[in-house]
Amino acid sequence: METYDSLKSLLINYLKPDHKILILGCGNALFSEDMYDDGYKLQLNIDISEVVIKQMIERNKDLRPDLQWKVMDITDMSTLQS
């Protein structure tokens, strides 16, 4: 599994802190949190596991309140616009 630190030198060439970022299959990895801490606040993290999403909401509610988490199946993106 790649970490944010291992990909940061590539990502900074394409992403700016004001970009909206969609993280597919976020799981319980630190990737989104590390990006957030580095200034990328506009993230929507999705995963099919309701358990994981609940854990991530709880884990980040105080330190990263703007991170968004949604239970969603990436093979059905029709609900993304809501």
List every residue pair whose Cβ atoms sit under 9 Å apart, with the two residues 6 or more apart in sequence or on different chains, where the first one lies in the stretch 43-59 and is more than 10 Å from Gly27 (Cα to Cα) and the second, anywhere, is of a type in the set (Asp, Glu) and assigned to a helix (DSSP H, G or I). Arg59/Glu33
Please state which one of Thr75, Thr3 is in contact with a helix residue (DSSP H, G or I) (Cβ under 8 Å, 6 or more places away or on another chain), exposed (fewer than 13 other Cβ atoms within 10 Å of the Cβ) and of a type in the set (S, T, N, Q). Thr3
Those residues of the stretch 54-72 which are surrounded by 14 or more Cβ atoms within 10 Å (Cβ to Cβ), in a loop (DSSP other than H, G, I, E, B) and either modelled with pLDDT of 95 or more or among the hydroxyl-bearing types (Ser, Thr, Tyr) (or both), in sequence order: Arg64, Leu67
Counting only residues that are over 26 Å from Ile48 (Cβ atoms) and under 14 Å from the mean Cα position of the chain (by Cα), how many does the stretch 11-26 have? 1
Here the residues within the stretch 15-51 that are closer than 18 Å to Thr75 by Cα, in contact with a Gly (Cβ under 8 Å, 6 or more places away or on another chain) and of a type outside the set (D, E, K, R) are Ile46, Ile48, Ser49
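The values are calculated or read from the model by the stated rules, or taken from the named source; none is laboratory data. Everything numeric in this text was worked out from a predicted model, so none of it was measured. In this analysis, Cβ positions are derived from the backbone assuming ideal geometry, glycine residues included, and neighbour counts consider all displayed protein chains.
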